[in-house]
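The values are calculated or read from the model by the stated rules, or taken from the named source; none is laboratory data. These numbers were taken from a predicted model, which means no experiment stands behind them. So basically every Cβ, Gly included, is an ideal-geometry build from the backbone, and we count neighbours across all protein chains shown. Protein only, heavy atoms only, side chains kept; ligands, DNA and RNA dropped before computing areas. Shrake-Rupley method; radii C 1.70, N 1.55, O 1.52, S 1.80 Å.
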Amino acid sequence: MVDGPRAGGPGGGPGTLEPTPGGERDWLRFRDDSAPDEPAVSLDAFLDQSNAGSVRIEAGDDVRLLGPHLERLRLVEIDFPKFRDGRGFSSARILREMGYDGEIKATGEVLVDLIYFMRRCGFDSFAPNVPLDRADVESVLNRYPHVYQHAADAAVPIWQLRHG
Amino acid sequence: MYKYDQYDQAMVDARVADFRDQTRRRLEGKMTDDQFKPLRLKNGLYLQLHAYMLRVAIPYGTLDSRQMRKLAYIARTYDRGYGHFTTRQNIQYNWIKLEDAPDILADLATVEMHAIQTSGESIRNISADQYAGATADEIIDPRPWAEMIRQMTTFMPEFSYLPRKFKIAVIAAEADRAALRWHDCALRIVQNEAGEIGFQVFAGGGMGRTPFIAYKIREFLPTNQILSYLQAILRVWNRNARRDNIHKQRMKILVHELGEDEFRRQVEEEFEHFLARGEDFPQAEYDRIAAYFAPPPFETGLSEEIDRSDPDFALWVDQQVAAHKAPGYAIVNISLKPVGQIPGDISAEQMELVADLAERYSFDELRATHAQNLVLPHVRKQDLHAVWSALHEAGLGEANLDLVTDIIACPGLDYCTLANARSIPVAQKIAERFADADRQKDLGELKIKISGCINACGHHHAGHIGILGVDRKGTENYQLLLGGSGDEETSQAKITGPGFDEAGIVDAVERAVERYREIREPGERFLDTYRRVGMDGFKEAIYG
Ligand code: SF4
């Protein structure tokens, strides 16, 4: 590991559900800091506007363009136009690999069964376009006792557990 | 053979619970069928014409008797008493009830098996040379790497929703028995001049409606960097593939559109990045896994003699038995293509018999092949007659490996919702036409492969003779193709001309085969003759 932290910001590994206190609205946010309130702008607008702190990434956008601007970035929203469009998983993990530790929010068609994998890729808040069942989310997040590989979270892969 | 430790077991057990929960939510109406579909697909459960089909993974085609007996138990308990071996070294059951699926997975988990990622847009079961660890022509047993790749690619978060399926194959022999370059990513273990072992990497192969033979994108990759390299390939594809047209999302299309060089450049760039992050498995993990694949305790001083006095047995030996690396041993191929039967089908009783034979005569090991047959990898030559007698009695004694009746066929319109035409009856009719043993023997190696639609599950692009079922104004019609191959000289079959109806295709195949017999030169296989004379040498004979 050389170019950035693996931990996906506050909130622990994928298996822990520690939502911020503060009511129903926030139980899908896995961070301790307060939520940025400025609206997210498009990637083009963000790159043009030197003062924007929140950006919205569409499925085809290249998040590596954000590399030089991580300092001022507080929120990246990554959209899933369809749950079958998995580009956002790479976008989130690349952001964490670049060292970004602000909020990464998944928007759009975010399904219960995707959240576990999204958490592992570095997403730490969720704004699904269809409400999710909290018990289902908790159960999915705690389903797997181990992981087989590194991602953008702090989970230790099985091969590392095997060899101490 | 690999054995699960507590971690592997915990993961498959968790998957069973996960799927049980997903199925419950579906049955309770908390999920639409559309939302459930990709979840069940990632667990090998398809909705077919008459029932659900469950595809069970057989990693790199290797299994033991305990697992085979469990597969028989599942066939008997939850299906109609049989199973079907597929062209990806898996087994599938065609008559499954949705509500039984979680229990089947739980049964599988008790013998270290699963159905994880056997379908859907995911990294599929890794395929490998069915002779791995037994053949004299390999550099090293490729399965430890296949197992490492299996683990790394299980529930890989970043690749939760790939653009399409992704198929990987690994071999380590000169001969290619795994149709290597028809895979999205193909790895061949080679030795460089310094004597080091590494991977030759091919990418962008695949069948389907737009067939491509994989390009070589790396001449030599140190084996301990393979996981970084695979992640690099997957990331380049996941980020850059089209997402607007399901027919253009396989990696082969991206490689083709970017061009081989640009694709390679992007992969290398991403590879450097992953390499620096240090995510490859350490040597200790390779060593741990490789220990499970250590050669079995072969006896020494065994006789090389085979008593060939029984002519039926001698015929079977000549066709079904391959050279083994250990003196006194042989590799036995079990045909699942008795003439007139469904290619790849096997009954629960036959599975149990094969399990018994593996336990008694083959160090408890079995293999499934992409040609829908089975293998007993380590049999003493002195036991061959006993093995043959038992197989023969169980209806598994056919001597047709790689011959004209050893046909690969997809399930086709008898089961599959996507099919345009039936594959199984065509395979049966061709096999019946050429059933005569002397005629088969005279024709020599001849691989016929049949798909019921353009998706090419029956590998028709790779058939010496390929058959593709199409829909022609509402009736089943069959195109004939010639000249494909999945071996080390991979080639794509070409369409001969207008298609045929069901009776017509059998006659057309026979005309092509008879033409070969007329014009072949000594020692030439059908494929060699085709390569020498081209389509023109056959066309007139086929269409008159
Ligand atoms: S080739 Fe077509 S018909 Fe045959 S199994 Fe595949 S999808 Fe079904």
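Add -39500 (n - 2.57) for each DSSP H run of 4 or more in chain B, then divide by its residues: what number comes out at 222 nm, to the nearest 500 deg cm²/dmol? Can you show the working numbers first?
Values: 17 runs with 200 residues, N = 544.
Taken over chain B, the calculation gives -11500 deg cm²/dmol.
So how strong a dipole does segment B:311-393 carry about its Cα centre when Lys and Arg Cβ are +1 and Asp and Glu Cβ are -1, to the nearest 20 debye? Write down the numbers at each step before the final one.
Details: 6 positive and 11 negative charges, 80 e Å.
Approximately 380 debye in magnitude.
Considering the options B:Gly328, B:Gln350, B:Gly340, tell which one lies farthest towards the positive end of the dipole of segment B:311-393, charges being +1 on Lys and Arg and -1 on Asp and Glu at the Cβ, about the Cα centre.
The one lying farthest along the dipole's positive direction is B:Gly328.
Can you list which of the GluC sites (Glu not before Pro) found in segment B:439-503 are DSSP loop residues with at most 11 other C-beta atoms within 10 Å?
The qualifying sites are B:Glu489.
Segment B:127-290: D in µm²/s via Stokes-Einstein (Kirkwood Rh, Cα pairs, 25 °C, 0.890 mPa s)?
Details: Rh = 16.1 Å.
Diffusion coefficient, whole number: 152 µm²/s.
³J(HN,Hα) across segment B:139-152 via Karplus (A = 6.51, B = -1.76, C = 1.60, θ = phi - 60°), whole Hz, x for Gly/Pro?
Calculated HN-Hα couplings, in order: 6, 6, 5, x, 5, x, 6, 4, 5, 4, 5, 4, 5, 4 Hz.
For segment B:259-361, what value does the Rg/Rh ratio take when both radii are computed over Cα atoms and Rh is the Kirkwood radius, given to two decimals? Please report the intermediate quantities before stating the final value.
Details: Rg = 22.8 Å, Rh = 19.2 Å.
Expressed as Rg/Rh, it is 1.18.
Rounded to two decimals, what ratio of Rg to Rh does segment B:409-543 give with C-alpha atoms and a Kirkwood Rh?
0.95
List, largest first, the extents of the alpha carbons of segment B:201-253 along their principal axes, each in whole Å.
36, 22, 11
Report the Rg/Rh value for segment B:412-451, based on alpha-carbon coordinates and the Kirkwood definition of Rh.
Radius of gyration over Kirkwood radius for segment B:412-451 works out to 1.11.
Which Cys residues of chain B have no other Cys beta carbon under 4.7 Å away?
Among the cysteines of chain B, those whose Cβ sits 4.7 Å or more from every other are B:Cys185, B:Cys416, B:Cys453.
With only Lys, Arg, Asp and Glu charged, each at its Cβ (+1 for the first two, -1 for the last two), find how big the charge dipole of chain B is about the Cα centre; round to the nearest 20 debye.
In debye, rounded to 20, chain B gives about 2000.
For B:Lys441, give me every one of the lysines with a C-alpha distance below 22 angstrom, ignoring sequence neighbours fewer than eight places off in its own chain.
The reachable lysines, counting only those whose Cα sits under 22 Å from B:Lys441, are B:Lys337, B:Lys429, B:Lys449.
Calculate how many DSSP beta bridges within chain B are antiparallel, expressed in % of all such bridges and rounded to the nearest 5.
Antiparallel bridges make up about 80 percent of those DSSP assigns within chain B.
What share of all Cα pairs of segment B:311-393, in percent, falls into each consecutive 10 Å distance bin?
Over segment B:311-393, the share of Cα pairs per 10 Å bin runs 17, 56, 25, 1 percent.
For segment B:54-163, taking Cα atoms only, what is the radius of gyration to one decimal and the Dmax to the nearest whole Å?
14.8, 46
Suppose we take every Cα in segment A:117-164 and form the convex hull; what volume per residue is that in Å³?
Hull volume normalised by residue count: 75 Å³.
Taking a temperature of 4 °C and a viscosity of 1.567 mPa s, what whole-number D in µm²/s does Stokes-Einstein yield for segment B:369-443 with Rh from Kirkwood over alpha carbon pairs?
The estimated diffusion coefficient comes to 89 µm²/s.
Of B:Phe434, B:Leu418, B:Ile519, which is farthest towards the positive pole of segment B:409-543's charge dipole, taken about the Cα centre with +1 and -1 on the beta-carbons of Lys, Arg and Asp, Glu respectively?
B:Leu418
Report Rg(Cα)/(2.2 N^0.38 Å) for segment B:80-120, keeping two decimals.
1.18
How are the Cα pair distances of segment B:231-303 distributed, in percent, across 10 Å bins from 0?
Result returned by the calculation: 16, 28, 20, 19, 10, 6, 0.
Per residue, what volume in Å³ does the Cα convex hull of chain B take up?
Normalising the Cα hull of chain B by residue number yields 157 Å³.
Sorting B:Arg288, B:Arg250 by accessible area (1.4 Å probe), largest first, what list results?
The most accessible residue leads, giving B:Arg288, B:Arg250.
Express as a percent, rounded to the nearest 5, the fraction of DSSP beta bridges in the protein assembly as shown (both residues included) that run antiparallel.
Within the protein assembly as shown, antiparallel bridges account for around 65 percent of the total.
Relative to the Cα centre, what is the charge dipole magnitude of the protein assembly as shown, using +1 at the beta carbon of each Lys and Arg, -1 at the beta carbon of each Asp and Glu, and rounding to the nearest 20 debye?
My answer is approximately 1260 debye.
Taking one equal scatterer on every alpha-carbon of segment A:26-163, how large is log10 of I(q)/I(0) by Debye at q = 0.13, 0.16, 0.17, 0.20 1/Å?
Values returned for q = 0.13, 0.16, 0.17, 0.20 Å⁻¹ are -0.56, -0.83, -0.93, -1.23.
Karplus couplings for segment A:141-148 from phi (6.51 cos²θ - 1.76 cosθ + 1.60, θ = phi - 60°), rounded to Hz, Gly and Pro as x?
5, 9, 5, 9, x, 9, 10, 8
Taking the dipole about the Cα centre of segment B:6-109, with the C-beta of Lys and Arg at +1 and of Asp and Glu at -1, give me whichever of B:Gly81, B:Asn43, B:Leu108 is farthest to the positive side.
After comparing all options, I get B:Gly81.
So what are the three principal axis dimensions of segment B:6-109 from its Cα atoms, in whole Å, longest to shortest?
For segment B:6-109, the Cα extents along the three principal axes come out at 40, 37, 24 Å.
So what does log10 I(q)/I(0) come out to for the protein assembly as shown at q = 0.05, 0.08 Å⁻¹, using the Debye formula with one equal point on every Cα and no solvent?
Log10 I(q)/I(0), no solvent term: -0.25, -0.64.
Across segment B:43-49, in residue order, what do the Karplus-derived ³J(HN,Hα) couplings come to in whole Hz, using 6.51 cos²θ - 1.76 cosθ + 1.60 with θ = phi - 60° and x for Gly and Pro?
Per residue, the Karplus-derived 3J(HN,Hα) values read 10, x, 9, 9, 9, 9, 4 Hz.
Per the Kirkwood definition applied to all pairs of different Cα atoms, how many angstroms is the hydrodynamic radius of segment B:402-474? Working shown, then result.
Values: mean 1/r = 0.0816 Å⁻¹.
One over the average 1/r among Cα pairs gives 12.3 Å for segment B:402-474.
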